[in-house]
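The values are calculated or read from the model by the stated rules, or taken from the named source; none is laboratory data. Bear in mind that the values here come from a model prediction, so they are computed numbers and not experimental data. FYI the Cβ positions are ideal-geometry reconstructions off the backbone, even for glycines, and counts take in every protein chain you see. We work out accessible area using only protein heavy atoms, side chains counted, and drop any ligands, DNA or RNA first. Shrake-Rupley method; radii C 1.70, N 1.55, O 1.52, S 1.80 Å.
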Amino acid sequence: MSYGENGNRDIGRFTALSRLGANKYLNVDAGGNVITVPTFDNGTQENTELRWERTKATNLGLDFSLANGVVEGSIEAYQNITNDLIVTRELPNIIGFNNVTTNLGEIENKGLEFTLATQNYNRENFQWNTSFNFSLNRNKIRKLYGDLDENGNELDDITNQRFIGQATDVIWGQEAIGIWQTNEAAQAAEYGVFPGDWKINDVDNSGDFTVDDNVFQGHRSPRFSWAMSNRFTMLKNFDFSFEVYSNWGQKRVFNEAKNRNGFIDRTNSIQTPFWTPDNPINDYARLFSSDGSSNFAIWRDASFIRLSNITIAYRFPKPLLEKLSLQSLRLYANARNVAVYAPHWDFYDPEPTNIDGRNSNGSTDPSLPTPRFFTFGIDLSL
């Protein structure tokens with residue numbers, strides 16, 4: 001069991017200061033002459049009250065080894081409470097600055113990590129070892145900036161989508177609940193859309209869509225993750241291994257289901273389903289669909305299990321290496337991104353680069369497939 005506290009002030013140079021930048025612009029004086037006016041522009045909002053963030057960490061762990069090391073593993077539970085978390089807070093443009101670096105009151109992180117390594121079979125001509133790990137994390141915002149309403153309750157930060165009692169990666173917005181069908185044309189018209197367009201949850205039944213219609217729809221990061229690898233040694237010199245991992249419970253933007261491509265008749269793209277009166281599906285809109293007055297994104301469950309790596313190799317025996325005057329010689333073949341099982345994601349790769357759903361190029365476009373790699377090689381040591 002352990003307890004510790006640490007601080008962090010990694011914000012970059014001059015982030016908390018008001019920085020001036022020299023510029024010039026052209027103006028016309030009363031006589032009609034063009035003149036150059038030098039200026040000093042204030043580019044950032046200073047924050048003289050910015051403080052170090054401080055984390056209090058409590059850990060409880062157990063390492064174990066059974067049957068002379070045949071089974072080994074560890075289990076760890078932790079709780080981290082961070083005060084004065086350093087964040088970038090969006091500001092109303094009317095004050096002259098888009099954002100400011102400030103402290104967010106308090107966030108709790110707690111979770112569980114479990115690892116296990118086993119020697120399943122160990123004989124002279126055959127060995128089989130397995131490694132497994134499992135982890136989950138839950139975080140929650142306890143306090144924000146100390147802004148209170150008339151009743152003394154602390155206010156949420158709606159602009160930055162930070163809510164007291166909710167996780168930092170929560171999805172909050174207008175919710176798509178299906179497709180308007182032909183027998184609902186009159187109801188769809190009340191929202192300025194047509195059969196085949198997405199139906200949005202009008203929470204307050206006001207007939208239009210505002211922030212009051214936003215609801216919590218899940219999380220962008222996995223609710224739990226696990227990974228497993230198996231390694232085999234056969235006939236002393238053959239090695240075989242495969243790795244599987246899974247992220248489960250996260251959601252990702254899938255606006256391809258809107259079928260909003262305005263140039264579908266003159267561009268190439270992957271073929272997706274689309275609604276028609278004769279094909280009244282409920283999870284893809286009609287071609288050239290309309291959002292009406294709403295502002296929403298389609299979120300899909302992106303849970304997956306991936307067979308990520310398969311390797312087979314042959315290690316040449318020592319007597320042969322001695323004849324060839326070599327220290328080691330190994331032939332191998334490897335396949336990466338072998339297969340993916342994603343029961344709710346029927347597009348390309350369900351796994352983005354980060355929790356915001358972005359790929360390595362910075363876009364949230366899921367129509368970028370992940371390649372499958374095959375490698376053949378020789379490892380040689382003289």
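Summary table
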{"read-out": "Backbone HN-Hα couplings from phi across the stretch 235-252 [Karplus 6.51/-1.76/1.60, Hz, Gly and Pro as x]", "value": "6, 6, 10, 9, 10, 9, 8, 8, 10, 10, 9, 8, 10, 9, x, 8, 10, 9"}
{"read-out": "Simple spin-label estimate for V338 and D239 in nanometres, 7 Å along Cα-Cβ", "value": "1.6"}
{"read-out": "Amide H partners (placed H, <5 Å) of G178, local residues excluded", "value": "K199"}
{"read-out": "Of F64, F240, F134, the one that fluctuates the most in a GNM where the chain has Cα springs shorter than 10 Å", "value": "F64"}
{"read-out": "The chain: mean projected area of Cα convex hull, nm²", "value": "34.0"}
{"read-out": "Kirkwood hydrodynamic radius of the stretch 263-359, from inverse mean 1/r over distinct Cα pairs, in Å", "value": "18.9"}
{"read-out": "Cα radius of gyration and Dmax for the stretch 1-114 (Å)", "value": "25.6, 96"}
{"read-out": "FRET E, pair N183, S206, Förster distance 30 Å, beta-carbon r, rounded to 0.05", "value": "0.80"}
{"read-out": "Normalised alpha carbon radius of gyration of the stretch 115-194 [divisor 2.2 N^0.38 Å]", "value": "2.24"}
{"read-out": "Amide H contacts of G192 (H built 1.01 Å from N, under 5 Å, at least 5 apart or other chain)", "value": "none"}
{"read-out": "Nitroxide proxy distance, nm - points 7 Å out along Cα→Cβ at I312 and N42", "value": "6.9"}
{"read-out": "Rounded to whole Hz, the Karplus (6.51, -1.76, 1.60) HN-Hα couplings of the stretch 103-113, x for glycine and proline", "value": "9, 9, x, 7, 10, 9, 10, 9, x, 9, 10"}
{"read-out": "Carbon + sulfur, % of accessible area of the chain - ligands and nucleic acids excluded, 1.4 Å", "value": "52"}
{"read-out": "Whole-number accessible area per residue in Å² for the stretch 1-111, which is evaluated in the context of all protein chains at 1.4 Å", "value": "69"}
{"read-out": "Potential lengthening between S74 and I158 on full extension [0.36 nm per residue; Cα-Cα distance subtracted]", "value": "26.2 nm"}
{"read-out": "Convex hull of Cα atoms in the stretch 96-154, direction-averaged projection (nm²)", "value": "8.3"}
{"read-out": "More than 16 angstrom apart: percent of Cα pairs within the stretch 302-344", "value": "58"}
{"read-out": "Vicinal HN-Hα couplings computed from phi for the stretch 140-152 (Karplus, 6.51 cos²θ - 1.76 cosθ + 1.60; Hz; Gly/Pro x)", "value": "8, 7, 8, 9, 10, 9, x, 6, 10, 8, 5, 9, x"}
{"read-out": "Count, lysine Cα pairs under 27 Å in the chain, 8 or more residues apart or across chains", "value": "12"}
{"read-out": "Between the stretch 270-284 and the stretch 109-176, the alpha-carbon center distance in angstrom", "value": "35"}
{"read-out": "Estimated FRET transfer efficiency when R0 is 56 angstrom, pair T375-W52 (beta carbons, to 0.05)", "value": "0.75"}
{"read-out": "Inter-site label distance for N151 and F288 at 7 Å from Cα along Cβ, in nm", "value": "4.9"}
{"read-out": "Length added when fully stretched, R13-N255, from 0.36 nm per residue minus Cα-Cα", "value": "83.3 nm"}
{"read-out": "1.4 Å probe accessible area per residue over the stretch 198-253, in Å²", "value": "49"}
{"read-out": "Sites S65 and Y348 - FRET efficiency at Förster radius 45 Å, r taken between beta-carbons, to 0.05", "value": "0.60"}
{"read-out": "Top of R286, R372, R306 by mean-square fluctuation, Gaussian network on the chain, Cα under 10 Å", "value": "R372"}
{"read-out": "Amide H contacts of I298 (H built 1.01 Å from N, under 5 Å, at least 5 apart or other chain)", "value": "F254, N255"}
